[in-house]
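Everything on this sheet refers to the single structure shown next.
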Amino acid sequence: MTTMRNPEPATSPEPAARRVQVLIVQDHPLLASAISRVLEAQPDLAVSGVSSSGADAVQAAADNRPDVVLMDFRLPDVTGPAAARMIKSAHAEAAIVFHSADESETALLDAIDAGATAYLTKDATADQIIEAVRRASTGEVLIPAELFARAIARQRGVVTRKRERDQLLAEFTPRELDILHLLAEGLDTTAMAQRLAIAPHTIEWHVRHVIEKLQVHSKLQAVIAAAHKGLIEL
């Protein structure tokens, strides 16, 4: 008697692993093409698009929802940090990796302020770019802790200076601020009186108040102090 065996169920193939989607933001076509080839050669990475400006990058990020945005620090329409902020507003989950020739601390801190996960210099090797993209896609932050500390300290300093400026501004009347701006233009009492259509002695009265509030001794010192404190721009 022949024993019939049940046929073994067919096994379905394993689904292909999802590739990390990368948006390249680079206004130099040759460099963008080279980076694209490097990333596409990896089995776990895919280039979702290439943008040559900040505006294009924001739209591409909103449309394609990339996992990682690998971007230049300097773009033809906006700065890299400004573009990064707009990208994060359009697609908050995107990890930002900067790739820049600017190695200054200011650039690094600007990148951190904009929400960067990593900052690579232009001499980074292909392997370093690949590793940074992979690690950024997992949520890893590749910027040293001491730089984050400096960025936080800088932000606090900006907030403190703004608060001090706002407090000082509140001490000045609109007319006194007008006087400060006219002093910065180099106008004398007669010219200021004509510009504001008020009497010269009223101008002198306002000037005395401005000098007293800034705790200086002359019109020139008042202009310098006001500019230093952010009340006017020279």
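The values are calculated or read from the model by the stated rules, or taken from the named source; none is laboratory data. Computed from a predicted model, the values in this text were never measured in an experiment. When we count neighbours, we look across all protein chains shown, and the Cβ atoms used for this are built from the backbone with ideal geometry, even at glycine.
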Original post:
Is it the case that V141 is in contact with a Ser or Thr (Cβ under 6 Å, 6 or more places away or on another chain) and either at pLDDT below 90 or buried (at least 19 other Cβ atoms within 10 Å of the Cβ) (or both)?
Top reply: yes
Subject >> Breaking point among (1) part of a loop (DSSP other than H, G, I, E, B); (2) under 23 Å from R165 (Cβ atoms); (3) free of Cβ contacts under 8 Å to residues at least 40 places away in the same chain, for L231 >> reply: (3)
Original post:
A84 fails exactly one of the following numbered conditions: (1) surrounded by fewer than 18 Cβ atoms within 10 Å (Cβ to Cβ); (2) in a helix (DSSP H, G or I). What is the number of that condition?
Top reply: (1)
**OP:** Could you tell me whether I211 is assigned to a helix (DSSP H, G or I) and either without any contact (Cβ under 8 Å) to a residue 40 or more places away in the chain or under 15 Å from L177 (Cβ atoms) (or both)?
**Re:** yes
**OP:** Answer yes or no as to whether A95 is touching a residue at least 40 places away in the same chain (Cβ under 8 Å), of a type outside the set (D, E, K, R) and farther than 17 Å from A32 by Cβ.
**Re:** yes
Subject >> Close pairs (7 angstrom Cβ cut-off, 6 or more residues apart or separate chains): assigned by TED's automatic domain parsing to the domain that holds V47 in region 22-34, loosely packed, with under 14 Cβ neighbours inside 10 Å and part of a loop (DSSP other than H, G, I, E, B) anywhere >> reply: D27/P76
Original post:
In the list A118, A111, which residue meets the criterion of being under 20 Å from the mean Cα position of the chain (by Cα), under 13 Å from M71 (Cβ atoms) and part of a helix (DSSP H, G or I)?
Top reply: A111
Original post:
Within region 34-90, which residues are closer than 24 Å to D102 by Cα, of a type in the set (D, E) and out of contact with any helix residue (DSSP H, G or I) (no Cβ under 9 Å at 6 or more places or on another chain)?
Top reply: D56
Subject >> Selection count, region 44-75, where residues are among the hydrophobic types (A, V, I, L, M, F, W, C), surrounded by fewer than 24 Cβ atoms within 10 Å (Cβ to Cβ) and touching a residue at least 40 places away in the same chain (Cβ under 8 Å) >> reply: 2
Original post:
Is there a residue being crowded, with 16+ Cβ neighbours inside 10 Å, assigned to a helix (DSSP H, G or I) and at pLDDT below 90 anywhere in region 101-108?
Top reply: yes
Original post:
What are the residue pairs meeting all of these: first residue in region 129-141, first residue part of a helix (DSSP H, G or I), second residue among the hydroxyl-bearing types (S, T, Y) and surrounded by 18 or more Cβ atoms within 10 Å (Cβ to Cβ), Cβ atoms under 7 Å, and 6 or more apart or on different chains?
Top reply: A136/T117
Subject >> Qualifying residue in region 199-209 (condition: closer than 22 Å to R161 by Cα and in contact with a Leu (Cβ under 8 Å, 6 or more places away or on another chain)) >> reply: no
**OP:** Give L183, L187, L177 a once-over and let me know the one that is assigned to a loop (DSSP other than H, G, I, E, B), surrounded by 14 or more Cβ atoms within 10 Å (Cβ to Cβ) and at pLDDT 90 or above.
**Re:** L187
